[in-house]
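For reference, the structure discussed in these notes is given below.
The values are calculated or read from the model by the stated rules, or taken from the named source; none is laboratory data. It should be emphasised that the depicted structure is a prediction, and the values quoted were computed from it without experimental measurement. All Cβ positions, glycine included, derive from the backbone under ideal geometry; neighbour counts span all protein chains shown.
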């Protein structure tokens, strides 16, 4: 299949690990990033933007680790229009089978005046020098004019033409603050296609934010106008209101080929798996009515809808659940299921765990099966995702016992493992959750504030697993943790402790950034 700018092939550039991680609280460890990168590669994503290497030693190590692991997809590192940024990105990417340096500088009057305090001529010179320097390391260079949708057209055309002359093979036009509307943004791309004389020597890309809820619509308008790369994230993750959602972009093109006659390399049957993994790792729960990946995306409660569905699925369903990886189980799991059946079930669901992780997951599955009459796919996903989330935690919940009810005080007896050291305490509080969180604070003192405590059931029924999300903030650093268990209080402790572990990662990143 041809992948030239004039073909119908649209490259999918996933920036979950870079822009997605900029969501407040969405910090990821190296092992979590590697796992997501592996899933993205299996999914068929063309480019994985792995991070911003100059930002911290942690970001550098993440990009280097992903560059070493990923073999088929292009691995991309972000860099400002500074020689040091580009050198650092090149160093992180040196082991990549296929690598790209993505360099950027603001081009809008607002950004140039107040952010950069640079003239047009200075910015134009920086575009040429940064792209030229990046080309010294790789033939695959992407250039972005930050705040491109609010840039003056003449200057934008001048910079794009010069970036291509200097060696940029991809030109990405960002709607950085989510300001554009589809007709306007499509016209912007068409203008560049018509006015920049050497535009045929580069792939036009777009990167749209969702501040007005138009990121996907803007991206698709750009593709219709000639863009052949879309930058997006799993679940629409990203700073502020997020980015264009990968799953929505891909499924829109797949579903509406009559108006969007384009192809991608994405195997859509991996979408649900990727969505759930990113949700579990970041602690960002997907809203039930989220398009494509929400719990209600293929649910029908209205009697009229149900009647139509029974007659013919397409009456109210424009996509099949199995197209995005929601498949009906052929293996029913329960308390008598063995290790082999459990392993096969995990493979059916897209997981291939190592022996140690499999043993831990199987033990938790047997414990769960003893408590629940029926173990649903969603239960196993929550269990395995929780195992993945906790795989490299320095702090772990070993034991929790609660005394609560109408007569107080409510008491929590808790044992934590902290770097392998077992610590126990008893704490009281205003309710069992408060007592549990006070106990955690006693065993691992910290100044983080609790910003969010949220509980939802993974499945229906009184024996359903609870999935808890906790958001903590410390000195401007925000993290989210997640935990699952049939006992809501155990899930709460797991979520709080997971958030603390992510806070430790952010502390380390801050220290390394200061010393870099």
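Assess whether residue 206 counts as being in a helix (DSSP H, G or I), closer than 19 Å to residue 105 by Cα and in contact with a strand residue (DSSP E or B) (Cβ under 6 Å, 6 or more places away or on another chain). Full working, then the answer.
Working: in a helix (DSSP H, G or I): no; closer than 19 Å to residue 105 by Cα: yes; in contact with a strand residue (DSSP E or B) (Cβ under 6 Å, 6 or more places away or on another chain): yes.
Judged against the criteria, residue 206 is not a match.
Mind telling me which of the residues 37, 90, 126 ends up being under 18 Å from residue 164 (Cα atoms) and without any contact (Cβ under 8 Å) to a residue 60 or more places away in the chain?
On the way: 37 fails: under 18 Å from residue 164 (Cα atoms); 90 fails: under 18 Å from residue 164 (Cα atoms).
So the residue among 37, 90, 126 that is under 18 Å from residue 164 (Cα atoms) and without any contact (Cβ under 8 Å) to a residue 60 or more places away in the chain is 126.
List pairs: first residue in the range 312-323 and at negative phi and outside the structural domain of residue 247 (by TED's automatic domain parsing), second residue in a helix (DSSP H, G or I) and at pLDDT below 55 anywhere in the structure, Cβ distance under 7 angstrom, at least six positions apart or on different chains.
315/308; 315/309; 316/305; 316/308; 316/309; 317/309
Of the residues that sit in the range 451-465 and are in contact (Cβ under 8 Å) with a residue 24 or more places away in the chain and not in a loop (DSSP other than H, G, I, E, B), which one is farthest from residue 287 (Cα to Cα)?
Residue satisfying both the conditions and the ranking: 451.
More than 32 Å from the chain's Cα centre (by Cα), at pLDDT 90 or above and surrounded by fewer than 17 Cβ atoms within 10 Å (Cβ to Cβ) - does that describe any residue in the range 431-453? It would help to see each step written out before you state the result.
Pass one, the range 431-453, residues more than 32 Å from the chain's Cα centre (by Cα): 431-432, 435, 442.
In the following step, the residues that additionally are at pLDDT 90 or above were identified as 431-432, 435, 442.
Adding the requirement that they be surrounded by fewer than 17 Cβ atoms within 10 Å (Cβ to Cβ) leaves 431, 442.
Yes, the range 431-453 has at least one match.
Residue under question is residue 211, and the condition is that it be in the same structural domain as residue 144 (by TED's automatic domain parsing) and in a loop (DSSP other than H, G, I, E, B); does it hold?
It is true that residue 211 is in the same structural domain as residue 144 (by TED's automatic domain parsing) and in a loop (DSSP other than H, G, I, E, B).
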